[in-house]
Each structure stands twice: as C-alpha cells, then as structure tokens.
Amino acid sequence: MNISIDLSTIPALLQSEVSRLWQDYLTNASHDDLLCLIEHPQILHSLPKVWACSLFVAKHCVQQPALLTDLIESGHLLSIPSNYTTQLQQNLPTADDETAFLRALRNYRRRELLRIAWRDLAEWASLEETFQSLSNLADALLGATVNRLYQRLTAQWGVPCHANGTPQSFIVLALGKLGGQELNFSSDVDLMFAYPEPGETVGMPRVRSNQEFFVRLAQQLIHALNHITEEGLVFRVDMRLRPFGDSGPLVMSFAAMEEYY
C-alpha cells in the first residue's frame, strides 16, 4: 500500500531519522494498520512531529503497529478517558495469575503513556490535561494493584480487623507531584501507607497483627510497581517522605501517624 508522510512539517535535521522510523513502521505494519492511518488523516498528519519529538512514542509504534491502530480505532487517541479505573479493569485478567496481572498493568501503562504523549505533542491537549491524565492514570494503576494484592493476601492470611470486628482498609497517601495532581512523564510516585486501627487478622488458623499484614501488603505493592519485567515497570516508588524517612515503618496506624505529626 502506497502511503507517505509529510516530512516538511519537521526540521530538516530530524527528517532522516523520522523517515527511517517510518520505513521500519511500514515493514512491520499490516494492511489494516496502514488503512487505519489513511482513514484518519489528522493522525497521519501529526505523526512526523510526534515521532520527531518522542523516540519513546516512535519506537513503540514501530515495534507494535497494532498498538497505534487500537488507540485510533477505539477513539481514545482523540479523546480523554471518562474513567481510567473502569477502562483499566477491562484490560486486566480475571484469573489470579500474578505474571499475567503484572504484564497487563505494564502494557496498559505503556498504551496510555503513548496516548497522552501523542495528544500532548500534537498540541491536542493542554498542559493541565496532560498532568491530570498522567495523575489519573497513576491513581487507577495504584488502585487496581492495591485491590488485587489485598484480595490475594486476605485469601492467604485472613482479613485484618479492628477489635470490634470491623475490617480494616489499606490507605495509600500520594505526596509530591502525584499528590498535587501534577505528575509528569518521568516522575517517581511519592507515597505513604496507613491503616485505621490496630487489631489482627481473622479467618485463618494463624493470627497476624494488622501491622504485619499491612507491612507485607506494602512490600508487595512496592515490588509490583517497581519490579522491572520485559514490559518495564509501572512506577518508581519513593517512600522517603513517610514518618522517620527510610528508618521508619512502611505502614502506620492512624493513631501512630497522628502522634508523629
């Protein structure tokens, strides 16, 4: 299929590299991938500028042409997700397969970073939209990971409860740029973890303190986000802003946090 891009829209110094990337894309793309671009001239016109500005976007499009096609055909490249949490859940495996879950998290993150970056570089999004989208994406990824890990750990250790039998939640507090809803593409996520009340687990023969339960959950969460796989990582997690810094406990009860502050 004969399809070309207009390199005159980018500086001459960058035209050779973008042309090379485009030829690689043509080699890897299917007939349907190319037809999709032809049917969306606005996106095809923006491609040289976006690829010239972001090697990350260009390389992922070249390596996975179907990824760009999916963003176009779904309408997501030209719009803002109404609910990241719902969209993410639709992309996660339902079975309790940790490897598949971690892969799905990373693949979704890559897809959405590509979408957000394209909209930013094509000047279809304001700076405020870009910051908000990156922050909303992080919130959704964190929430989905916490929920999955909490379910898995309660199945193994029981449910952490207050002395009156009330189940206890795991609270993630975002600080820094994520806390201010101004996350950028290269930001770490600064987090603190807490839980409401002391107590112990119920439902399993071995009883564990809420502190032990939530420390294990925090460790699993940090590993799930930080761990580098073939698909990369989700986020670099920075815990140094918690009470007592690196020497402090990973998780504290509300009462302990209140006493500290």
If a residue must be crowded, with 21+ Cβ neighbours inside 10 Å and without any contact (Cβ under 8 Å) to a residue 60 or more places away in the chain, how many such residues does region 117-139 contain?
6
Taking first residues from region 72-85 that are over 10 Å from His40 (Cβ atoms) and second residues anywhere that are at pLDDT 90 or above and among the basic types (Lys, Arg), the pairs with Cβ under 6 Å that are 6 or more apart or on different chains are His76/Arg115
I need the strands (runs of 3 or more DSSP E) fully contained in region 146-242, keeping only those with at least 1 residues that are of a type in the set (Gly, Ala, Ser) and under 22 Å from Phe254 (Cβ atoms).
171-175, 189-195
Given (1) under 27 Å from Thr99 (Cβ atoms); (2) at pLDDT 95 or above; (3) in contact with a helix residue (DSSP H, G or I) (Cβ under 9 Å, 6 or more places away or on another chain), where does Ala194 come up short, assuming only one miss?
(1)
For residues in region 11-67 being β-branched (Val, Ile, Thr) and more than 26 Å from the chain's Cα centre (by Cα), which is surrounded by the most Cβ atoms within 10 Å (Cβ to Cβ)?
Val18
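Within the group Glu73, Glu17, Glu39, which residue is within 24 Å of Ala104 (Cα to Cα) and of a type in the set (D, E, K, R)? Step through it out loud before you land on a result.
Numbers: Glu17 fails: within 24 Å of Ala104 (Cα to Cα); Glu39 fails: within 24 Å of Ala104 (Cα to Cα).
Just a single option satisfies the conditions, and that option is Glu73.
The values are calculated or read from the model by the stated rules, or taken from the named source; none is laboratory data. Small disclaimer: the values here were computed from a predicted structure and weren't measured. We place every Cβ from the backbone using ideal geometry, glycine too, and count neighbours over all the protein chains shown.
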